[in-house]
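Enquirer: After the C-alpha cells below, expect a handful of questions from me.
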2 protein chains.
Amino acid sequence: MTTAPAPSARDLPHPARDEIRLEGVLHALSDPVRLRIVRELAAGSDELACSHFDLPVTKSTTTHHFRVLRESGVIRQAYRGTAKLNGLRRDDLDDLFPGLLDALLAAAVRQAARLGTD
Amino acid sequence: MTTAPAPSARDLPHPARDEIRLEGVLHALSDPVRLRIVRELAAGSDELACSHFDLPVTKSTTTHHFRVLRESGVIRQAYRGTAKLNGLRRDDLDDLFPGLLDALLAAAVRQAARLGTD
C-alpha cells in the first residue's frame, strides 16, 4: 500500500479549464485588491512576481488574494526559484466566456476613472 | 429635536446609480441562485414577483438573495400591495458599465449549456 506524498508548501493546484466556474471567477473579481491585480496583469504581456505588486494589504493577505485568483482559474501561478510568477489565464477565460474578461476589465477601468482611484 | 422615523419593514433602500460599484455587482452575481434570478429577469420585459421564482432554497434565503441583488444595484424592488416586484436595473448598469451585463448573461447561458444545468 502506497500513500500519496504529503502536499508540499510549493504545490500550487489549479483548476483545469473545464473546472472553472463563472461564479468563482466573479467572486474572485468582487474584491478591489484582486481586481487591481488582474488589471495590472492584463496591462502587460509578461508574468509578474507577487512582489511586483504594491498593494495596501499585508503580505499574508496578498498571498490569500493570489490564491483566490488561482483557485478560481483567473490566474496561473508558478515558482521560478523562490519567486512566484503570476499570469492571467486569458486563453482559458476567453474560450469559456468569450468577451467577458474584456468587458470586466473595461468596466474596472471605467469605474476607476469615474471615482478617480487610478 | 426630531427623530428619524423608525425604518419600516416595507422600506426597500436602493443605491443611487453613482453609488453602484462593480465589486458589489460581481459579488451579487457570484452566487448560482442570484445568477439564475438575474437571468430570468433579463429574459423577460416585465417585473416579476419574488413568488414567481421556483428556487431550491428556503423563503428566507430567497429574501436574502433578492436583498443582496437590490443593495448592490443589480435589481430594483417595489411593493405592489403585498407582492414584491423585481426588475433588472439594466439602464443604470448599461450606463455605468457598457456591455458588461450582456457579457455576464452570455457567459451564464454558455456555462449552463456546457454543464447541462438549464
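The values are calculated or read from the model by the stated rules, or taken from the named source; none is laboratory data. A quick note: this is a predicted structure, and the numbers were derived from the prediction, not measured. Note that we place each Cβ from the backbone using ideal geometry, even for glycine, and neighbour counts take in every protein chain shown. Just so you know, the surface numbers come from the protein's heavy atoms only, side chains and all, with ligands and any DNA or RNA stripped out. Shrake-Rupley method; radii C 1.70, N 1.55, O 1.52, S 1.80 Å.
Enquirer: Select from segment A:85-118 all residues whose loss of accessible area on going from the chain by itself to the full protein assembly reaches 10 Å² or more (probe 1.4 Å).
Expert: A:ASP95, A:LEU96, A:PHE97, A:PRO98, A:LEU100, A:ALA103, A:LEU104, A:ALA107, A:ARG110, A:GLN111, A:ARG114, A:LEU115
Enquirer: Which whole-Hz couplings ³J(HN,Hα) result when phi for each residue of segment A:57-74 is put into the Karplus expression 6.51 cos²θ - 1.76 cosθ + 1.60, θ = phi - 60°, listed in order with x for Gly and Pro?
Expert: 9, 5, 4, 6, 5, 4, 4, 4, 4, 5, 5, 4, 5, 5, 6, 8, x, 7
Enquirer: How big is the A-B contact in terms of buried accessible area, both chains counted, 1.4 Å probe, rounded to the nearest 100 Å²?
Expert: Rounded to the nearest hundred, the buried surface is 2100 Å².
Enquirer: Name the residues whose placed amide hydrogens come within less than 5 Å of the amide hydrogen of B:ILE75, ignoring near sequence neighbours (fewer than 5 apart) on the same chain.
Expert: B:ARG70, B:ARG89
Enquirer: Right, something else. Using a 1.4 Å probe over the heavy atoms of the protein chains, calculate the carbon and sulfur portion of the accessible area of the protein assembly as shown as a whole percent.
Expert: In the protein assembly as shown, the share of accessible area belonging to carbon and sulfur is 53 percent.
Enquirer: How tilted is helix B:32-43 with respect to the longest principal axis of chain B? Cα atoms for both, answer in degrees (0 to 90, nearest 10).
Expert: Result, in degrees: 90.
Enquirer: Name the shape class, rounded, prolate or oblate, that the alpha-carbon gyration tensor gives for segment B:73-113, where a ≥ b ≥ c are the square roots of its eigenvalues, rounded holds for a/c under 1.5, and otherwise prolate holds if a/b is larger than b/c and oblate otherwise.
Expert: Oblate is the answer for segment B:73-113, as a/c is 1.5 or above yet b/c matches or exceeds a/b.
Enquirer: What does the charge count near B:LYS84 come to, summing +1 for each Lys or Arg and -1 for each Asp or Glu among other residues with Cβ under 13 Å from its Cβ?
Expert: For residues surrounding B:LYS84, the net value is +4.
Enquirer: I would also like to ask the following. Over chain B, what is the relative contact order in percent, taking alpha-carbon pairs closer than 8 angstrom and at least six residues apart?
Expert: About 28 percent, as a whole number.
Enquirer: Please give the net charge around B:ASP95, taking every other residue with its beta carbon less than 12 angstrom from that of B:ASP95, where Lys and Arg add +1 and Asp and Glu add -1.
Expert: +1
Enquirer: Determine the per residue accessible area of the protein assembly as shown with all protein chains present and a 1.4 angstrom probe, expressed in square angstrom.
Expert: 55 Å²
Enquirer: Could I ask something else about it? Considering only the other residues whose Cβ falls under 14 Å of the Cβ of B:THR61, what net charge follows from Lys and Arg at +1 and Asp and Glu at -1?
Expert: Around B:THR61, the charge tally is +2.
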